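Okay, structure first, notes after.
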Amino acid sequence: MVRIQFAIDLHYELLCPGADFVFNIHAAQTASQLVVSEQLQISQPVLSTIQTSPVTYARYLRLSVDQGPLHVTYAATLDIDHYVADPDSIGETPIGKLPLSALTYIYPSRYCQSDRLGLLAMKEFGHLPKGYRRVEAVQTWVRQQVAFRSNTSNSNTSAIDTLTDRVGVCRDFAHLMIAICRALSIPARFTTGIDYGADPALGPTDFHAYVEVFLDNRWYLFDPSGTAIPMGFVRMGTGRDAADVSYATIFGSVTSPPPVITVSAITEAGRPWELPRHRKEALSTDATVNNA
């Protein structure tokens, strides 16, 4: 088990009489991710609503605010007790037995054009035994083909663009891995959050994009960029690709500096908490999904 503390600090200046915000900055409450405590502060005296997705457990903060400055801070402490499994024991779920909640993640989406990667996917991975190890091979291939480099992509960059340019950031690695998995008829989804343990040489702590793949009726964690430690991921948003999981969707004219994020792992004598570390086992923070 790991205990993570983090804080997100957001500043906006509204340039019009008002704006509507949908934030996805709250830690999700999952089978293995328990929010111990959290605090939310909003500088303007406005009503706020938090709505939770019954499928992904993502939580959305909705605000309608007046013109002027807006300061939003969110801080949380949470315990993550990962489900751990032997990778060699994990197979792929047959298409005919996929639950409806996983089926949506097998189709092409805006940034993950899996319908254009079928030949590549079968050439590189079609001969491999089906299961966790095949998905792991996809992750390794993406890391070998793409170089991590800041400021090399934008909000329009798709999996096909990344495959062509061979450079990108975490979201680009995630899109490419997801697209290849879907081309192999393996459900894969785009997940965002905070990560403890990222290489400080990559810059200040930021939001991180990683991948969850549906195998043996459970969503398992993968980090194709290789820049962080999966044990330290704090899950927030889950969707088909980056279009579904922006940390802030804004309807109105605003300016803002980059978010300021801090994160730490807590250990204490006599407690079961450990520092996040790289592990060879398969990890999940979701419960088993039945065929419904």
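The values are calculated or read from the model by the stated rules, or taken from the named source; none is laboratory data. Everything numeric in this text was worked out from a predicted model, so none of it was measured. No Cβ is skipped: glycine too gets one built from the backbone with ideal geometry, and neighbour counts run over all protein chains shown.
Given the conditions (1) surrounded by 13 or more Cβ atoms within 10 Å (Cβ to Cβ); (2) small (Gly, Ala, Ser); (3) free of Cβ contacts under 8 Å to residues at least 40 places away in the same chain, report the number of the one that ALA269 does not fulfil.
Exception for ALA269: condition (1).
Just the residues that are of a type in the set (Val, Ile, Thr), under 26 Å from LYS280 (Cα atoms) and out of contact with any helix residue (DSSP H, G or I) (no Cβ under 6 Å at 6 or more places or on another chain), please, taken from the range 81-104. Lay out the reasoning, then the answer.
First pass over the range 81-104, keeping only residues of a type in the set (Val, Ile, Thr): 84, 90, 93, 95, 104.
Then keep just the ones that are under 26 Å from LYS280 (Cα atoms); that gives 84, 90, 93.
Result: VAL84, THR93.
Suppose we keep only residues that are touching a Lys or Arg at 6+ places or on another chain (Cβ under 7 Å) and more than 17 Å from PRO108 (Cβ to Cβ) within the range 143-167. Which one would you say is surrounded by the fewest Cβ atoms within 10 Å (Cβ to Cβ)?
ALA147
Picking from ALA179, ALA198, which residue would you name as being over 29 Å from LEU119 (Cα atoms) and either crowded, with 18+ Cβ neighbours inside 10 Å or modelled with pLDDT under 95 (or both)?
ALA198
Kindly list, by first and then second residue, each pair from a residue in the range 227-251 that is surrounded by fewer than 20 Cβ atoms within 10 Å (Cβ to Cβ) to a residue that is in a helix (DSSP H, G or I), limited to pairs with Cβ atoms under 7 Å and residues at least 6 apart or on different chains.
Pairs that qualify, where the first residue is surrounded by fewer than 20 Cβ atoms within 10 Å (Cβ to Cβ) and the partner is in a helix (DSSP H, G or I), are THR227/CYS170; THR227/LEU202.
Would you call THR56 within 23 Å of PRO272 (Cβ to Cβ) and crowded, with 17+ Cβ neighbours inside 10 Å?
Here the answer is no, as THR56 does not meet what is asked.
Does at least one position in the range 226-246 carry a residue that is outside any loop (DSSP other than H, G, I, E, B) and closer than 16 Å to VAL138 by Cα?
no
Quickly run through the range 30-54 and pick out the residues that are within 22 Å of PRO259 (Cβ to Cβ) and of a type outside the set (Ser, Thr, Tyr).
GLN33, VAL35, GLU38, GLN39, LEU40, GLN41, ILE42, GLN44, VAL46, ILE50, GLN51 - these are the residues of the range 30-54 that are within 22 Å of PRO259 (Cβ to Cβ) and of a type outside the set (Ser, Thr, Tyr).
Residues to consider are VAL35, VAL46, VAL65, VAL55; find the one that is of a type in the set (Val, Ile, Thr), under 17 Å from ILE80 (Cβ atoms) and in the same structural domain as ALA75 (by TED's automatic domain parsing).
VAL35
Which count do you get for residues in the range 252-266 that are under 18 Å from the mean Cα position of the chain (by Cα), surrounded by 16 or more Cβ atoms within 10 Å (Cβ to Cβ) and either outside any loop (DSSP other than H, G, I, E, B) or without any contact (Cβ under 8 Å) to a residue 40 or more places away in the chain (or both)?
Final tally of qualifying residues: 2.
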